[in-house]
Every structure is written in structure tokens, then in C-alpha cells.
1. Starting with the fewest neighbours, write out THR96, THR287, THR245 ranked by other beta-carbon atoms found within 10 Å of each beta-carbon.
2. Return the percentage of antiparallel bridges among DSSP beta bridges fully within the chain, rounded to the nearest 5 %.
3. Among SER183, SER118, SER50, which comes first, then next, by fewest other beta-carbon atoms within 10 Å?
4. Please check: in the Gaussian network model of the chain (C-alpha springs, under 10 Å), which one of ILE201, ILE159, ILE188 has the largest mean-square fluctuation.
5. Given the options ASP187, ASP222, ASP114, which has the most mean-square fluctuation in a GNM of the chain, springs set between C-alpha atoms less than 10 angstrom apart?
6. If you filter segment 129-225 for GluC sites (Glu not before Pro), then keep DSSP loop positions with at most 14 other Cβ within 10 Å, what is left?
7. Just want the ordering: TYR324, TYR77, from fewest to most Cβ atoms lying within 10 Å of their own Cβ.
8. Could you give the size of the charge dipole of the chain about its Cα centre, using +1 on the Cβ of each K and R and -1 on the Cβ of each D and E, expressed in debye and rounded to the nearest 20?
Amino acid sequence: MSTTAAPSVRWRSRALKLAEAATTPLVPADFLDLFAPLRAGAELRGRVESVHPETADAATLVIRPGADWAGHVPGQYVRVGVDVDGVRCWRAYSLTHGPRADGRISITVKAVPDGHVSPFLVRHTRPGTLLHLEQATGEFVLPVAGPRKLLFVTAGSGITPVIGMLRNLYPATDSGVLHLPRSAPYDIVVLHVAPAEPHSIFADDLRRLASAGAIRLVARYDDEHGVLDLADLDALVPDLDERTTFACGPGGLLDAIAGHHEERGLPLFTEQFRVATVVAGEGGTVTFDRAGVDVECAGARPILEQAEAAGVLMPSGCRMGICYTCVLPLREGAVRDLRTGELTTAVPGETSAGGVAIQTCINAAAGPCHIDH
């Protein structure tokens, strides 16, 4: 550094210290957050610019992300943090579009019955609301150089990552759906399942893409066609053996299609947003030692959800056993993996002094246990 620059640096350092002293317990960055929360270098946030209802219980949020947003690949998801009743909660939502020229991003949220965060986002979020964000992530994306003859199987809100891919391949404008050079090699069938047509998110978008010849749409509504039977898959998609399948939806559907495709030796990529309970735990009292809180936990729901419902501030992320953000030490007792039934135990004096690391988003109490949190 040159000698002429040194006094300027020292002056800025002193000015910053004086400003911090004058604003204690706040610091200048706190005031910058008030006036420029989306600035470069700040904690990553996004400002909601508009809210668009999709169905009676789903809405799309268009968000202007902070300057440090690194972008995304269609099909990826973003973790969103929102303060509900004074507690910051994080949830993962798929981005429902490709990269936009205006730099905005959007997520579509379906209000989960008895949910804590999704109903708040759908019914109480307004333009101007600030949300906390993390960078986009996820591997449920189209391969850069891969198969071009595809089958998308979606159910319910499982359509959200797929609609992001489709919108990127076939953008919609006032003059209609565009067929771009990048989309020319693709041959896509979308098999979309929903309880009923009025509850089908993006039904209009799918019909528009089908009418434009961008996709072949096979819509199956439970109230009209009955529950989807995978034995009918060959009739619905006659060239199934020639296609690579991308599936997103409830655990039951994904498990069934995984078994079907494995038996046939067909390629399959899946994305799941919620843990499918295969084996329930026995339930029991979970003691959070440092918080000094006891929570009576049922055996068929993750410890994470029940602790949050009881007011315990829990670390969380993807909520499906992938990101490991929710890991906490089990000091004593036993928990059962809801997906596999596997039992994890911690016995003082026999297991590690630091406890056994467990994922609270996929484990249920299997009797009384103590967690270091």
C-alpha cells in the first residue's frame, strides 16, 4: 500500500469505529440492511415483488434476489427463510422458471394442511416482504449432453421443478409459446397426476404447451380417471422403453415408479420434497437438554416437525434427508428412520461422549431420548 493511501485508510477505520460506538448495540451494517438489504456483501435476501394465486391453496411469489444471487439451473430449488411468530423457519422450494432477463426468480408454494410455513407464504405474504435466501442447489436438472426423448411424471406440487425446465425450453410470450433452437432436439411427454383438475397447479401452462406442440400431455385426475395404476403406463406412453423418466411427487408414487423402472431396466431420475413414512417409531418424550424442554413426540412424524410445533428453534434445511442441516447429537435413547426403519441408539458410557449424530427431519422417537440442543 502506498504511503499516501495510508491516512485515508486510517481515517475510514476510525470513522467506522466511531459510527459503531454511536450506534451500539447496532452497527452500521444494521442500518444498511434497513435501506439496502439487497446490496452486494449483505446476507442474501430477496424482496417479494408480486404474489399470484395459482389455485385455492397455492401461489407463485416473484422475488427480486440480492445482488449476490449466483443464478440457477432450471429444476433446482432454493432454501427460503421466513420469520413466523418470531421464529425463523427454512423450507426448500423449486424455482419455477429458467434464468430471467430481469434477474427475478419465482417459487410456487402449495399450502400444506397443518403446515407452519407454507400457509404463511401463500396467505400472508405481500409485495415488499423480505425473505432470507440461500443459493440455488439440486441435481434434478436436464443433463447438458444427455437423452432428449423424455418422460416427466409429476404429481401435485411435484410439477414445480418440471415447469421450470419446460418454461426454459419453451418460453411463453404474448404471441405464444416459442420454439427455440435449444428445444428442437427434445421429444417430451408429461404425465401429470392430481386429485382433481381445479387443484392442478400449472394446468393452464401445461395445456398451453401441449396446444403449441411443445409437449404431449397426459393428464390423470383421481376424481375422473381413478388413482394412477403403473400397469397402465405402457398404454399411456407406448414408447416408454425409449424414454428417460424424470419423476417428482409424493414418496408413494416415487417408490412405485422406482420399482417399476428397476424391474424393466429403465433410466429414472427422481426428486422428493417430503419424507415418506415407511416404518413408524414407537414415539416417546424427547428432551432437548440445553433448551430444557421436553416434547412428547408421536412415532409417525419426524422429531424436527414436532419440536418446531412445540416452539423449539431447530436447524433445518431440505427436510428430506439430503442436506444434513438438521443434524443434532443424540445423547441418550433411540430414534427410528421413517424411511427405512433403521434404529439408531445412544447409550451413555458406551457411545461417543459427543453423542450420535442424527437427522431430525427423517427420524422419529423410538422411546424416550435426549438430544443435545
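Computed from the coordinates by the stated procedures, all read-outs in this text should not be read as laboratory data. The structure presented is a predicted model; accordingly, all values stated were derived computationally and were not measured. We place every Cβ from the backbone using ideal geometry, glycine too, and count neighbours over all the protein chains shown.
1. THR287, THR245, THR96
2. 65 percent
3. So the residues, fewest neighbours to most, are SER50, SER183, SER118.
4. Looking only at ILE201, ILE159, ILE188, the largest GNM fluctuation is found for ILE188.
5. ASP114
6. GLU139
7. Ascending Cβ contact count within 10 Å gives the list TYR324, TYR77.
8. Working: 33 positive and 43 negative charges, 375 e Å.
Once rounded to the nearest 20, the dipole reads 1800 debye.
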